[in-house]
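K.L.:
The structure under discussion is supplied below as structure tokens; questions concerning it will follow.
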Amino acid sequence: MTTATGLNLSEEALATVTAEVAAGAAEADRTGALPLAGLAAAHRAGLLTATVAARYGGPELGHVDTARILIALGEGDASVGLLAANSLHVHRAQADRDHWPADYYADLLSREGPALVNAIRAEPELGAPARGGLPKTIARRTAGGWSLSGRKAYATGGAALAYHVVWAVTDYDRVGHVIVPADRPGITWIETWDHLGLRASNTHDVVYEDVHVHEDAFVEIPRVDGVYHDPAAATGLAGLGHPALYIGVARATRTAFVRFARERVPSGLGRPIATTERIQAIAGEIDAQIAQAETLLFGALLRAEHGDDILPQLSLIKVQIARSVLAAVNAAVAALGNPALTRHGPFERLLRDALCIRVHPPQEDTALVAAGRRVLEGAR
């Protein structure tokens, strides 16, 4: 399958990118360095800008094809998948509604090599924005635009970002995002990221100290009936991008399990463990969980394409995908014991990466409480 803009999304082409991305995944995880080779492979295939609008010369892919891309990248390296998901989400937002300064967005699209962009929202004191509250980061009016100051946490992409989309309040009590070129003076990175999983994602803290931007670089989030509603607390189809990349992690686990089972020949057995019913049942369980996650993901997206109102259940779908992903990876790790937990093999890295699916909003507890209230109030 090749799009009108020449983007090759065939299974064979995506598998090739997965293999190229996977080649450097273990080393990037070990060192914590940015997965530059994997990002370059994704960029060469045109996958990092797949949601750029047609009016800008982009493919403007829909949610289904975007999910396929993120599964392929996550299968190669979850960190590459996360960096790509964040960039694709920002480009999709711009495709839906022009809100960037024209010269900023033109500059972003003109960059050679991977040009990453991300929404920078969390703060050390506040934590996850989806839990409520307002940022301390402030944008003050100046004669020619805005001056941005504050500290953000968990800013995925680190110094590799070309642009930041920074959640902030203004000195006029407005709330929104400030679009910031990454090379502006006053931006300092603090290398705080020392995480269990996604170690190569460079999700560090960043400090903005009197960073100046255009007057139209502040994009206000309108209040509804005088009340501010944070977009992180809302549900939308683009929110299934993150779960998609972790389905890729589960797929990579399945591949690694099959390889190990075929190659492992215990002396007491005299044949590969893949020939035993126990291992065959585990392989079936892994495949069942992946099938469930994929069906939930693509079923939801296809239903939405056909006009079904699935928004009330989107958060629950994300929760169930996460459960299936973790069940698939845990099944492989539990069956193999020590070989799955050694750092000489891929399983412990895949397990650590898979565990990170829980941190993306909405978290499980908030999704279940909201769904429970909806069901109970509806029943009443």
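The values are calculated or read from the model by the stated rules, or taken from the named source; none is laboratory data. Just so you know, these numbers come straight off a predicted model, no measurement behind them. Because the Cβ atoms are built from the backbone with ideal geometry, glycine has one as well, and the counts that use them run over all protein chains shown.
K.L.:
Going by the conditions given, is R174 modelled with pLDDT of 95 or more, over 25 Å from the mean Cα position of the chain (by Cα), surrounded by fewer than 19 Cβ atoms within 10 Å (Cβ to Cβ) and among the basic types (K, R)?
P.N.:
In short, no.
K.L.:
Follow-up. Would you confirm, using the coordinates I've provided, whether G74 is under 23 Å from L237 (Cβ atoms), in contact (Cβ under 8 Å) with a residue 24 or more places away in the chain and either within 13 Å of the chain's Cα centre (by Cα) or crowded, with 19+ Cβ neighbours inside 10 Å (or both)?
P.N.:
Answer is yes for this residue.
K.L.:
Then there's this: Which condition breaks for L240 when tested against (1) touching a Pro at 6+ places or on another chain (Cβ under 9 Å); (2) assigned by TED's automatic domain parsing to the domain that holds H360?
P.N.:
(1)
K.L.:
Something else now. Please state which one of L326, L302 is part of a helix (DSSP H, G or I) and either within 23 Å of T366 (Cβ to Cβ) or not assigned by TED's automatic domain parsing to the domain that holds T366 (or both).
P.N.:
Among L326, L302, only L326 is part of a helix (DSSP H, G or I) and either within 23 Å of T366 (Cβ to Cβ) or not assigned by TED's automatic domain parsing to the domain that holds T366 (or both).
K.L.:
Residue under question is R251, and the condition is that it be among the basic types (K, R) and crowded, with 19+ Cβ neighbours inside 10 Å; does it hold?
P.N.:
Yes.
Results for (1) out of contact with any Cys (no Cβ under 6 Å at 6 or more places or on another chain); (2) buried (at least 21 other Cβ atoms within 10 Å of the Cβ); (3) touching a residue at least 40 places away in the same chain (Cβ under 8 Å), shown as yes or no for each residue.
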position: A293; (1), (2), (3): yes, yes, yes
position: L297; (1), (2), (3): yes, yes, yes
position: L302; (1), (2), (3): yes, no, yes
position: D308; (1), (2), (3): yes, no, no
position: L311; (1), (2), (3): yes, no, yes
position: Q320; (1), (2), (3): yes, no, no
position: R323; (1), (2), (3): yes, no, no
position: A331; (1), (2), (3): yes, yes, yes
position: G337; (1), (2), (3): yes, no, no
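K.L.:
With respect to the numbered conditions (1) out of contact with any Phe, Trp or Tyr (no Cβ under 6 Å at 6 or more places or on another chain); (2) in a helix (DSSP H, G or I), which one is the sole condition not fulfilled by P361?
P.N.:
(2)
K.L.:
Let me ask something else. It is to be established whether one or more residues within segment 269-276 are under 25 Å from A367 (Cα atoms) and buried (at least 19 other Cβ atoms within 10 Å of the Cβ).
P.N.:
No, segment 269-276 contains no residue that is under 25 Å from A367 (Cα atoms) and buried (at least 19 other Cβ atoms within 10 Å of the Cβ).
K.L.:
Sticking with this one: Can you give me the ranges of the helices (runs of 4 or more DSSP H) entirely in segment 37-127 with at least 2 residues that are among the hydroxyl-bearing types (S, T, Y)?
P.N.:
Once the helices (runs of 4 or more DSSP H) in segment 37-127 are filtered for at least 2 residues that are among the hydroxyl-bearing types (S, T, Y), what remains is 78-96, 102-110.
K.L.:
Within segment 222-242, take every residue that is part of a helix (DSSP H, G or I) and in contact with a helix residue (DSSP H, G or I) (Cβ under 7 Å, 6 or more places away or on another chain) and give me the one that is modelled with the lowest pLDDT.
P.N.:
The extreme case among them is A233.
K.L.:
Here is a check on your reading of the model: is Y208 at pLDDT 95 or above and hydroxyl-bearing (S, T, Y)?
P.N.:
Yes; evaluated as a whole, the condition is true for this residue.
K.L.:
Next up: Evaluate the following for A28: is it surrounded by fewer than 16 Cβ atoms within 10 Å (Cβ to Cβ) and touching a residue at least 40 places away in the same chain (Cβ under 8 Å)?
P.N.:
no
K.L.:
Do any residues in segment 249-271 that are within 14 Å of D287 (Cα to Cα) have Cβ atoms under 6 Å from those of residues that are assigned to a loop (DSSP other than H, G, I, E, B), where the two are at least six apart or on different chains, and which pairs are they?
P.N.:
A256/P346
K.L.:
Moving on. Of the numbered conditions (1) surrounded by fewer than 20 Cβ atoms within 10 Å (Cβ to Cβ); (2) within 20 Å of the chain's Cα centre (by Cα), G132 fails exactly one; give the number of that condition.
P.N.:
(2)
K.L.:
From (1) outside any helix (DSSP H, G or I); (2) out of contact with any Phe, Trp or Tyr (no Cβ under 6 Å at 6 or more places or on another chain); (3) crowded, with 21+ Cβ neighbours inside 10 Å, pick out the condition that doesn't hold for A139.
P.N.:
With respect to (1) outside any helix (DSSP H, G or I); (2) out of contact with any Phe, Trp or Tyr (no Cβ under 6 Å at 6 or more places or on another chain); (3) crowded, with 21+ Cβ neighbours inside 10 Å, A139 is out only on (2).
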